[in-house]
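Bear in mind these aren't lab numbers, they're just calculated from the coordinates by the rules spelled out. Nothing here was measured: the structure is a model prediction, and the numbers come from that model. Glycine gets a Cβ as well: all are built from the backbone with ideal geometry, and neighbour counts include every protein chain shown.
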Amino acid sequence: MTGSYKWLGGIGYILMLIPFANIVGFLLVGIAWVMAGSDTRQGIFKATGILMFITMILTAVIIASWLPMIGSLITGLPLGEYPSVPPPGLFQEFLRTIGLFLTVVGITAVLAIVEWVLELVSHFRAATVYNVKWFRRAGWMRIVTIIVAIIVIALFILLSLSIQLYMVGLIIPVILGLLSLIFSAISFFSIPEAAIERRTSYLPPPE
């Protein structure tokens, strides 16, 4: 079983580096964490994978509903006309639609943060479970990425940096974030095939 999810996870994290293919990568990584949780009896691994599925589905719903939502509001206006008074009920419909949309976005954002934290903890946990240091390196790289991103944003706000300097500064956390994905891919590829046989001797208590 190890041989399957180590490749799913490794390939999945690589695909997450590629635009559009990252959706498939996210799915593969979620499956890999769930399988890892079943194999090692680590509930946090399963929770990470399940939350990945949920956030991915909600994100797809947000993207799929955005354009139709705008389209439905536009079609509510008479074609070829720009009336000074909108049709009755259009504003109320807009508020209901945008309110529901923002609610879903908010829920997705909260779940994404929780998923990120669980994935971070899972990396450090996996470093112990599989005795693979790359998991720990990937975890620390994620922490460094967030710290650098916060510093860049804080400098932009406090020093009123130009948008050009701000965009240049954001390149650094982006690169660090990509490195963290590469480290995660290496981590999964580095899981020893003999981990299943050895885990009973050093596996921490299940969570």
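The table below gives the values:
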| item | result |
| --- | --- |
| Gap separating the Cα centres of segment 1-41 and segment 122-155, nearest whole Å | 18 Å |
| Residue-by-residue Karplus 3J(HN,Hα) for segment 164-174, coefficients 6.51, -1.76, 1.60, Hz, glycine and proline x | 5, 5, 4, 5, 5, x, 5, 4, 5, x, 5 |
| Ordering of 22-28, 171-177, 153-159, 118-124 by burial proxy (mean other Cβ atoms within 10 Å per residue, highest first) | 118-124, 22-28, 171-177, 153-159 |
